[in-house]
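Asker: Sharing a structure, written as structure tokens. Questions coming.
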Amino acid sequence: MQQSQPASPPTNTMAIVSLAAGILSWFMFPFIGAIVAVITGHMARSQIKASPGRETGDGLAIAGLILGYLHLVVVCAGFLFFLLFFGSVIGLSGCAILSEAASEVSQSVIPLIPLN
């Protein structure tokens, strides 16, 4: 007689999608893949909690969430750095242009009188 082993519960599909999107967000689909990973990761965790013991994959969903959130943080930090760096460069060049223009205007409007 053979004893059949109990079938293991299936892995939640959203958890697999979350992990795959989290991995792909770092290589092929930046930002969009991270958003998909976060959304599907939260959906998977709620589905797994709603079906105690009938579905697995909570670890996959957590891994997808971590990858997705981490990618979003890196993208936002890079965008903030980009804005700060290029914003300051544009601001400094604008100040230099304005100060040069102001000195030319002041010299043409108020002629220098020699003090002898």
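Asker: Residue by residue through the stretch 9-41, note down the ones that are touching a helix residue (DSSP H, G or I) at 6+ places or on another chain (Cβ under 9 Å), over 24 Å from G78 (Cβ atoms) and surrounded by fewer than 22 Cβ atoms within 10 Å (Cβ to Cβ).
Answerer: Of everything in the stretch 9-41, those that are touching a helix residue (DSSP H, G or I) at 6+ places or on another chain (Cβ under 9 Å), over 24 Å from G78 (Cβ atoms) and surrounded by fewer than 22 Cβ atoms within 10 Å (Cβ to Cβ) turn out to be T11, T13, I16, V17.
Asker: Of the residues that make up the stretch 61-72, is at least one free of Cβ contacts under 8 Å to residues at least 24 places away in the same chain and loosely packed, with under 15 Cβ neighbours inside 10 Å?
Answerer: Among the residues of the stretch 61-72, not one is free of Cβ contacts under 8 Å to residues at least 24 places away in the same chain and loosely packed, with under 15 Cβ neighbours inside 10 Å, which makes the answer no.
Asker: Go through (1) in a helix (DSSP H, G or I); (2) modelled with pLDDT of 90 or more for P9 and report which single condition fails.
Answerer: So the condition that P9 fails would be (1).
The values are calculated or read from the model by the stated rules, or taken from the named source; none is laboratory data. It should be emphasised that the depicted structure is a prediction, and the values quoted were computed from it without experimental measurement. Quick reminder, even Gly has a Cβ in these numbers, built from the backbone with ideal geometry, and neighbours come from all protein chains shown.
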